[in-house]
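Worksheet: one structure, shown below.
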Amino acid sequence: MRSDFLRLERLPDIWCPGCGNGVALRALLEAIEQLGLDPDKVVLVSGIGCSSRAPAYTAFDNVHTLHGRAIPVATGIKLANPKLTVIVITGDGDSSAIGGNHLIHAARRDVDITVVVFNNYNYGMTGGQASPLTPSSSITTTTPSGNLDRPFDLVNLAAGAGATYVARSGIYFTKHLVDHLKKAITHEGFSLVDTIVQCPTYYGRFNKRGDAAQMLVSQKDWLVLKSVAEKKTPEQLAGKVIIGEFVNIGRHGPAAASTMKEQA
Amino acid sequence: MAEKKTYKIAHNRKWCKNCGICVAVCSKHVYEMDSNDRQAIVNPQDCIGCQMCTEHCPDFALIVVEVRDE
């Protein structure tokens, strides 16, 4: 990763010791470097949350918007200048709860932006409350006896809403993550990468997942590659999360963003 | 037989938060937590340059480069 992609004077970052957001940010910068994108033509947009602090540490143009409203701002930037590569960095709560409506409608409109969800399964910045992606019976600040609700499956949510590229990866598998981020950024149309990161301070402590290092290394036990999962029975996959590429199709039709591109 | 490559580990103490991830991901036990729970580089000569620590360091604090004498 090129060190000039980072604002070195802003480091060290504010994240807790062992937070996975830094690893995910490095993977994104690595993907941008490997694609050889012009740094002046990349815009990072974020909402509010631990994950949304990430663009502030990068040297690219970035906008730190309202809670959940990163995708509308990114849509506007893309429509105003379709030559830009617009990447949204968002968290699980920011994208699926507060900005849930914007996420599904951006997918429906097939806006040519990339959404990278740093998914730590809770609201880290405000003290570890349950988010719509918190797994059932997980303990958080707002669900001290275990979460009663079912979580969203973000991959199927985005795919059902019409996203044309959807993938999931974990930060332990950095090469896998960088590969899928590269595919998502180059994909023409709405792309989403669900990136699983650890929150050792809240989710890890409440659910007895061990320290940051244990949470990171344990990803290789509970994340299963899609190609491996296809050969296993549902019983063997209980409690596991499948990673890989789930949707990769062409655009549904002449979408607004591509029409804009032809005019530009 | 090819000569064993050597690597230099640059560790930015100011950015490191001593989370212990590098200790857990290194397969050659190059790192250890010392008695004050601070990260320490104990076996730099064993480093094989796999970059696991660099890629998984959340604080951008580790860089591993190959040493070439030319």
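Throughout, read-outs are computed from the coordinates displayed, never taken from laboratory work. As the structure is a computational prediction, the values presented were derived from the model and not from experiment. For neighbour counting, all protein chains shown are included, and Cβ atoms are generated from backbone atoms with ideal geometry for every residue, glycine included.
Remark: the B:A40-B:E3 segment gains 10.6 nm on full extension, using 0.36 nm per residue and subtracting the alpha carbon distance. Which percent, to the nearest 5, of DSSP beta bridges fully inside the stretch A:1-147 are antiparallel? The antiparallel fraction comes to roughly 20 percent. Taking Cα atoms only, the orientation of helix A:21-35 departs from the longest principal axis of chain A by about 30 degrees. Where only DSSP H runs of four or more residues are counted, chain A gives -8500 deg cm²/dmol as its mean residue ellipticity at 222 nm, each run worth -39500 (n - 2.57). Applied to the stretch A:124-133, the Karplus parametrisation 6.51 cos²θ - 1.76 cosθ + 1.60 on θ = phi - 60° returns per-residue 3J(HN,Hα) values of x, 5, 9, x, x, 7, 6, 10, x, 9 Hz, with x for Gly and Pro. Taking chain A as a Gaussian network of alpha-carbon nodes connected by springs under 10 Å, the highest mean-square fluctuation of the residues A:L25, A:L84, A:L103 belongs to A:L84. Here the simple spin-label model places points 7 Å from the Cα toward Cβ, and for B:I63 and A:T142 these points are separated by 4.2 nm.
Full extension of the chain between A:N156 and A:R7 yields a length gain of 50.1 nm, computed as 0.36 nm times the residue separation minus the alpha carbon distance.
Neighbour counting of Cβ atoms within 10 Å sorts the residues B:C22, B:C47, fewest neighbours leading, into B:C47, B:C22. Residues whose amide H comes within less than 5 Å of that of B:Y7, counting only those at least five positions distant or on another chain, are B:V67 (H built at 1.01 Å from N in the peptide plane).
Just the number, please: percent antiparallel of the DSSP beta bridges in the stretch A:3-263, rounded to the nearest 5. Numbers along the way, then the final one.
Numbers: 7 of 36 bridges.
Antiparallel bridges make up about 20 percent of those DSSP assigns within the stretch A:3-263.
Principal-axis analysis of the Cα atoms of chain A puts helix A:174-186 at an angle of about 30° to the longest axis. Each of B:M52, A:Q214, A:A163 was placed along the dipole of the protein assembly as shown (beta-carbon charges, centred on the mean Cα), and the one lying farthest toward the positive end is A:A163.
Across the alpha-carbon atoms of the protein assembly as shown, the computed radius of gyration and Dmax are 20.0, 64 angstrom.
Reported to the nearest whole Å, the Cα centre-to-centre distance from the stretch A:108-122 to the stretch A:57-94 is 10.
When the charge dipole of chain A is built from unit charges on Cβ atoms (+1 for Lys and Arg, -1 for Asp and Glu) and taken about the Cα centre, the candidate among A:Y123, A:L6, A:G250 whose Cα reaches farthest toward its positive end is A:Y123.
State the percent of C-alpha pairs, over all pairs in chain B, separated by a distance greater than 15 angstrom. Here the tail beyond 15 Å accounts for 51 percent of pairs. Per-residue ellipticity at 222 nm computed for chain B from its helices equals -2500 deg cm²/dmol, with DSSP H segments shorter than 4 residues left out and the rest contributing -39,500 (n - 2.57). Based on Cα contacts under 8 Å between residues 6+ apart, chain B shows a relative contact order of 43 percent. Taking the Cα centre of chain A as reference, the dipole from Cβ charges on Lys and Arg (+1) and Asp and Glu (-1) amounts to some 260 debye.
Take the Cβ atoms of A:D38 and A:K175, set R0 to 30 Å, and the FRET efficiency comes out at 0.80.
Using the Cβ-Cβ distance between A:N81 and A:E230 with R0 set to 41 Å, the FRET efficiency from 1/(1 + (r/R0)^6) comes to roughly 0.50.
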